[in-house]
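Accompanying notes for the structure given below.
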């Protein structure tokens with residue numbers, strides 16, 4: 001018996017689908033809404049300590065995310081907030097600390113984990129400004145803790161009794177393992193930009209750090225996107241968290257994020273690598289309009305150091321299955337495909353789709369974006385468009401009522417900073433795993449390194465760092481396992497429990513092979529086979 005699956009791609013149908021998703025809420029929300037719901041806060045309803053912080057910042061009022069989240073945080077509830085950067089979320093989790101932390105207790109009472117040193121410094125600076133409006137006796141001490149800098153100032157701040165620690169997971173873990181930081185008195189845990197922390201490869205450090213957290217604590221997590229890995233982190237670190245989103249006034253996950261980047265035609269391949277380096281997805285599909293572009297891009301990514309493979313409609317079924325098998329097993333990070341060749345692809349854990357070109361048929365945009373955000377999970381669709389393609393992309397956005405973010409391609413300096421932090425985290429993590437003998441052995445080379453820098457020959461060190469970074473491109477960033485029944489400890493587990501060994505941390509388990517019947521695609525053909533007319537129409541130019 002043949003089954004037919006129909007997708008209504010009209011703008012009215014897409015709008016109705018979005019409205020139905022918002023009304024149902026639970027269909028796309030992995031966590032419940034807060035119960036009972038609390039009224040939004042205003043400056044006048046805040047405790048005096050928080051009003052002092054608002055006045056010190058010079059804010060005329062609370063931003064939406066602050067008004068929605070602060071009442072629950074003041075009550076000590078665990079909360080997950082989906083909110084974009086720049087929405088005011090930093091104030092949402094910092095302001096309640098002014099009332100919840102005790103300035104008379106000289107120990108770490110709150111810990112904010114974030115992905116980069118720049119963000120750690122930014123959060124620290126914002127908290128310091130809030131503190132300025134308080135009486136001297138009521139002021140709290142805060143310290144920013146991150147890698148790539150000297151330990152001295154951080155140790156001094158701990159000895160002085162800093163109540164708030166803001167830092168990257170790697171350096172915070174370093175202090176915990178050295179015994180220079182204790183979290184026995186911790187009351188508040190914040191995970192800021194959780195999706196970015198996973199992108200930076202911090203998940204193994206977060207898992208190890210979890211063993212130092214006290215059982216009784218309040219937690220909140222903030223993330224612009226909500227892929228499965230981020231949802232799993234919320235379950236691991238928080239106690240029965242409720243979910244807040246600013247999306248359409250309804251409690252539901254933004255199922256898709258859409259971003260568009262203006263690029264000159266000859267710069268698209270470099271821009272693609274830039275976005276991949278910034279996003280650092282575990283696996284993704286890259287779409288191009290022609291077979292020739294697909295073959296070129298796959299080779300270009302391989303030359304750059306990434307694991308990439310191409311498929312197009314002239315591949316045999318055996319060749320397709322070989323490539324798709326690698327993608328499903330996690331042995332392949334990037335699949336480059338044409339629209340016709342991507343028919344029937346169903347990989348549940350893809351978080352990103354990159355579009356090297358604006359699709360020639362507007363309907364293909366929906367098909368491409370639909371490769372991610374499967375089964376209630378969220379995803380990101382990133383599109384590169386040349387100036388001549390902008391009108392076509394705007395037509396797609398209008399037709400399907402897409403909430404598109406129009407962005408600039410990150411600069412070389414921004415990419416270098418992101419890559420540098422990711423590599424520093426990787427190297428510091430490797431250093432923590434070294435034995436005493438290995439540490440003693442590597443100290444022989446410290447004078448050599450200092451001499452190379454002093455003599456103005458940093459290129460030799462840069463060469464070694466580049467080689468280490470290139471090796472890391474072949475391995476996806478560690479993230480929570482996709483199986484709900486995995487052995488990762490939940491937030492309610494006793495501290496000190498042993499998690500998986502470092503060798504298996506975050507890696508997917510091997511699954512037994514299952515024999516599945518061939519599925520029918522929405523055009524009635526076997527999934528994975530292009531319709532002859534469409535395959536012939538695929539542009540070879």
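The values are calculated or read from the model by the stated rules, or taken from the named source; none is laboratory data. These figures come from a predicted structure and were not determined experimentally. For neighbour counting, all protein chains shown are included, and Cβ atoms are generated from backbone atoms with ideal geometry for every residue, glycine included.
A few remarks follow.
- When 389, 414, 421 are checked against the criterion of being at pLDDT below 90, in a helix (DSSP H, G or I) and surrounded by 12 or more Cβ atoms within 10 Å (Cβ to Cβ), a single residue qualifies: 421.
- Residue under evaluation residue 276, criteria (1) within 24 Å of the chain's Cα centre (by Cα); (2) assigned to a helix (DSSP H, G or I); (3) in contact (Cβ under 8 Å) with a residue 12 or more places away in the chain; (4) surrounded by fewer than 21 Cβ atoms within 10 Å (Cβ to Cβ), criterion not met: (4)
- Total residues in the range 204-228, condition part of a helix (DSSP H, G or I) and surrounded by fewer than 24 Cβ atoms within 10 Å (Cβ to Cβ): 7
- Residue selected from the range 357-378 under the condition out of contact with any strand residue (DSSP E or B) (no Cβ under 6 Å at 6 or more places or on another chain) and crowded, with 23+ Cβ neighbours inside 10 Å, by the criterion modelled with the lowest pLDDT: 378
- Of all residue pairs spaced 6 or more apart or on separate chains, those with beta-carbon atoms under 6 Å, a first member in the range 51-64 that is closer than 13 Å to residue 96 by Cα and a second member that is modelled with pLDDT under 90 and surrounded by 15 or more Cβ atoms within 10 Å (Cβ to Cβ) are 52/133; 52/134.
- The helices (runs of 4 or more DSSP H) located wholly in the range 85-194 that include 3 or more residues which are closer than 20 Å to residue 51 by Cβ, in the same structural domain as residue 75 (by TED's automatic domain parsing) and touching a strand residue (DSSP E or B) at 6+ places or on another chain (Cβ under 9 Å) occupy 89-94, 117-131.
- Once the range 296-310 is narrowed to residues that are assigned to a helix (DSSP H, G or I) and touching a residue at least 40 places away in the same chain (Cβ under 8 Å), the residue that is farthest from the chain's Cα centre (by Cα) is 297.
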